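Input: a single structure, listed below in structure tokens.
Coordinate-derived values only; no laboratory data. Because the structure is predicted, anything quoted here is derived from the model rather than measured. Positions of Cβ are generated from backbone atoms using ideal geometry, with glycine treated the same way; all protein chains shown enter the neighbour counts.
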Amino acid sequence: MMKKWTLVLGLLAGLIACTPLTSAKPEVTPVVITVVVPPSETPTTAASAIPSDTPAPANTPTPLPPTATTGPQCTVLQRLNFRKGPGTAFNPPIDVLDKEAVVTPIGFNGSGFPSGSWVQVVDGAGRTGWVSAGAQFVSCNLDVSALPVVAVEPPPAPRPPSVSNSQPQGTFDGFEYELIFSSRSLLRIALRATGTSKDGDGVKQVKFIVQDKDGNPVYEKTEGKAAFCIFGGDDPSCNPWPVTQYQLTWGEGGPAAVNGTYRVRIEAEGVDEYGSDIFGNWRFEVTLGPP
């Protein structure tokens, strides 16, 4: 029995002696672990803003305050009369608007007095009046003819202007004369040849010539008998200022007699008491002003 155990032990010792001290590590097989998260009954959500009764304002720019250009407006292109009604017949003007003045249009009249299109406006001082709607006078940011039409009563009959004159110059030898100025009928010359007794004696004709201050012709009238009135008529009452479409005019249908200074010339032809031809001329200025 002892010999058997001795033999077994010897065999074991031999096996141990034949086995290397180290051996290869066994191959490791990776293990995949899958973690399963059970679903929650209430899903988790990101935090949200608390609702409000008043929605948050949008991120929009703050509007600018209104300016003079945001509404209807007209710009005056030249110094312009500001009148009580739609037309040059509404005299005197309320005021004169300066160039580049800005006014607010509120009404329109397409047939003023005496004619033309007019726009009713409010000026910078808050006054309501009228200016011509002509493109050379105002520039508007809207079609003024689309504004409410404003009906206006015709203006009253025009009042004659005040009249002043300069001292006459010229040559009038052989005549006796008197210049008679009148607001109603402007001018008459009482004229006769020297040595005669009645108005008109020895006078063949009298010619009135009117020019504006720049020398442009305005009016002309020739009279062949006394009384020698610039607008015609007989003594003692010469014809008054002609009126055309609510305006005083230089003769029937002539240009408007606007206030200002005019050059007047009178030319006379006649014969003296001896039968010789005589000629006279008078030159002076006449200024028309407010009534």
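General remarks:
- 5 angstrom amide H check on GLY202, placed H, neighbours 5+ away: ALA193
- Residues of segment 232-255 with amide N under 18 Å of a point placed 7 Å along Cα→Cβ from ASN165: 232-242, 250-251
- Stretching the chain fully between THR75 and VAL258 yields a gain of 63.4 nm (0.36 nm per residue, less the alpha carbon separation).
- Amide hydrogen proximity for LEU248: with H placed 1.01 Å from N in the peptide plane, the residues at 5 or more positions away or on another chain lying under 5 Å are ALA257.
- Partners for LYS204 among aspartates and glutamates (Cα-Cα distance below 12 Å; same-chain residues under 8 apart left out): GLU223, GLU267, GLU269, ASP272, ASP277
- Net length available on complete extension from VAL243 to VAL149 is 31.1 nm, with 0.36 nm assigned per residue and the Cα-Cα distance removed.
- The phi torsions of segment 95-107, fed into the Karplus equation with coefficients 6.51, -1.76 and 1.60 and a -60° offset, translate into couplings of 6, 10, 8, 6, 4, 6, 5, 10, 10, 9, x, 10, x Hz, rounded to whole numbers, with Gly and Pro shown as x.
- Pairwise label distance in nanometres, GLU220 with ILE180, each label 7 Å out on the Cα-Cβ vector: 2.7
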